[in-house]
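Everything on this sheet refers to the single structure shown next.
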Amino acid sequence: MVQEIENMRVYKRPESMHEVFERKGGAAPTATHYCPGCGHGVLHKLIGEAVDELGIQDRCVLISPVGCAVFAYYYFDFGNVQVAHGRAPACATGISRARDDAIVISYQGDGDLASIGLNETLQAANRGEKIAVFFVNNTVYGMTGGQMAPTTLIGEKTITCINGRTAEQAGYPLHMCEIINTLKAPVFIERISLSDSRHIKQARKAVKKALEIQRDKKGYAFIEVLAACPNNLKQDAQGAADYINEKMAKEYPVKNFRDESENAISVTRPKSDMSVEKLNEIFNTSDGTSEAVIDKDYKELQIKIAGFGGQGVLSLGIMIAKSGSAAGRFTSWYPSYGPEQRGGTANCSVIVSGDKIGSPIAYNPDILVCLNKPSLEKFAKDVKEGGVILYDSTIGDVNLPKNVKAYSIPAVEIAIEGGTQKAANTAMLGVIMKLGITRLSEKDFEDGIESGFAGKQKLIDINKKILKMGADWAEKNLL
Amino acid sequence: MSTNVKKKSPYPVIHEQECKGCSRCIIDCPRGVLVMGTALNDRGYTYVTYTGEGCTGCANCYYTCPEPSAIEVYIPRREKEEE
Ligand SMILES: Cc1ncc(C[n+]2csc(CCOP(=O)(O)OP(=O)(O)O)c2C)c(N)n1
Ligand code: SF4
Ligand code: SF4
Ligand code: SF4
């Protein structure tokens, strides 16, 4: 970039690039890891220069890709996230939306962007994400040793098309600017070339423009960069320049495709409210719950509840989880069901704990509740030694593992007697309550029902009744 | 050309350890004043040198060079020249 030093105008390394690449280290910490003549370094300098000129260094976050530019974070003195192959647009989207003021630069190669990451590229462009994408088209997978890329020219030889790419075998070169130009949202689309200084000086303007659009939060900018990979294409400096000017630019015309930057207005997204209050409101968890407190004496309790969909398997889990949170425990509820809304098998895991929960899945339940036979056959073997199995009496005779306590409960019967067969799950809950195996109080269970049926007084009343009937049955028959 | 005038002319500064000898700057210098040396730097690359005369300060070499710190271009200000 141009700097004024004493009485001189000086072109030198941008201020936003490190003088010594500490993150790189090794024997050559002041030179890049790129091959001699590589286009990546030329583009890095243009990005650095534009960042300096716009005074936006503190707002910039570079997303470095998988590919030769995987180490781009060595060089730039601003934020960086290194992402999985092709995933830069997703990560860039997240950062751009989470930090409205961030200037997000998605830096990607042609394998990364146009092959494995093509879907995300188009989705992000179509959403008009507030990001600047620099797409380095060098017609080849550089880092992995020169395989054919989506951008490889017809006739171009690579190690995976040794006689040259043919359309019959591999289709045609992909024109990313042209494809993106079919979308409505992008603000700026341009293809630039880094073949020689004449083109580079042109390219400067587009690079700066893309970042200027980010500075003003105006939306999506896409810059395709025709660049050299002299290493894999086995070119000297002249050969690389000629190749880009004469062959690549013929297939990929160097030009501006769109510039809506004048008319574009700043992108604003609806605000996400992730406050505890809002989440409580959405999930209806504000009622009867209190903040969980750490209590090392209350060991984690894993509960699995399984049956047919429609038997109240998931809601029994919710009632237990709500009882747990009413008691100030850490609780989680994790459903698992088939594609059917009703009729298929369903199960859920509930964890109630005196400390933060790691996994929400009850792999080895302390308590297994089964409302049908297939579930019992499937999960009985997972129950912890000394654990408890409760299953509905309608299941009949079954082989159960030793070293667990198993009880056959007439839950459906109790529920019918109480007025609704649908509440067999609540009858089970009453038994669980009476057995004391959750170490939660009767009040916690009642609170659980109240918050589980939030506000529906009729349901609350009948379920409280059946809860008590279940408990009474347990007292008479099990204790 | 007097030494005086020469000092006030633009000139490139090549940092020999950072140069990788790719020759991009050589083919892009309109005055042909950059040449490849024969010696190797510590990192095993031959590096570019300035013939010492004829640079116009066009900055082609700076822009085409892929290495952030290999080559710089210094252009003395006109006003100073006139002083
Ligand atoms: C998921 C996954 N698949 C494959 C790879 C292997 N891989 C590493 S770099 C690369 C291609 C990079 O090519 P390009 O995006 O053109 O960048 P360049 O190296 O040319 O700059 C591939 C396929 C990987 N790292 N991760
Ligand atoms: S392999 Fe190609 S793209 Fe990768 S650093 Fe070397 S020249 Fe650059
Ligand atoms: S500034 Fe221009 S004239 Fe001077 S050495 Fe560099 S390329 Fe040659
Ligand atoms: S372009 Fe840069 S790295 Fe290449 S020879 Fe010139 S100074 Fe050296």
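Worth a mention:
- Identity of the residue in segment B:21-64, at negative phi and within 16 Å of ligand 2 (Cβ to nearest atom), that ends up modelled with the lowest pLDDT: B:Arg43
- Residue within segment A:125-142 that is open to solvent by 10 Å² or more (accessible area, probe 1.4 Å), within 16 Å of ligand 2 (Cβ to nearest atom), in contact (Cβ under 8 Å) with a residue 60 or more places away in the chain and in a loop (DSSP other than H, G, I, E, B) present: yes
- Looking at A:Glu417, A:Glu385, just one residue is out of contact with any Cys (no Cβ under 9 Å at 6 or more places or on another chain), touching a residue at least 12 places away in the same chain (Cβ under 8 Å) and assigned to a loop (DSSP other than H, G, I, E, B), and that residue is A:Glu385.
- Taken over segment A:213-251, residues that are in a strand (DSSP E or B) and either closer than 18 Å to A:Arg127 by Cα or open to solvent by 30 Å² or more (accessible area, probe 1.4 Å) (or both) amount to 3.
- Residue selected from segment B:32-77 under the condition of a type in the set (D, E, K, R) and within 13 Å of another protein chain (Cβ to nearest Cβ), by the criterion nearest to ligand 4 (Cβ to nearest atom): B:Glu67
- Every listed requirement among (1) within 14 Å of chain B (Cβ to nearest Cβ); (2) of a type outside the set (A, V, I, L, M, F, W, C); (3) within 15 Å of ligand 1 (Cβ to nearest atom) is met by A:Gly86 save one, (1).
- Residue match in segment A:316-338 (condition: of a type in the set (Lys, Arg) and out of contact with any Asp or Glu (no Cβ under 9 Å at 6 or more places or on another chain)): no
- Taken over segment A:90-120, the criterion of being hydroxyl-bearing (Ser, Thr, Tyr) and either buried (at least 24 other Cβ atoms within 10 Å of the Cβ) or not assigned by TED's automatic domain parsing to the domain that holds A:Asp58 (or both) is satisfied by A:Ser96, A:Ser106, A:Tyr107.
- Taken over segment A:32-59, residues that are more than 24 Å from A:Ala114 (Cα to Cα), open to solvent by less than 30 Å² (accessible area, probe 1.4 Å) and not aliphatic (A, V, I, L, M) amount to 3.
- Residues of segment A:22-31 that are at the interface with another protein chain (Cβ under 9 Å from one of its Cβ atoms) and open to solvent by less than 40 Å² (accessible area, probe 1.4 Å): A:Ala28, A:Thr30, A:Ala31.
- Among the residues of segment A:8-19, not a single one is of a type in the set (A, V, I, L, M), within 23 Å of B:Ser23 (Cα to Cα) and within 16 Å of ligand 2 (Cβ to nearest atom).
The values are calculated or read from the model by the stated rules, or taken from the named source; none is laboratory data. All figures in this text were calculated on a predicted structure; none of them were measured in a lab. Quick reminder, even Gly has a Cβ in these numbers, built from the backbone with ideal geometry, and neighbours come from all protein chains shown. Only protein heavy atoms, including side chains, enter the accessible area calculation; ligands, DNA and RNA are left aside. Shrake-Rupley method; radii C 1.70, N 1.55, O 1.52, S 1.80 Å.
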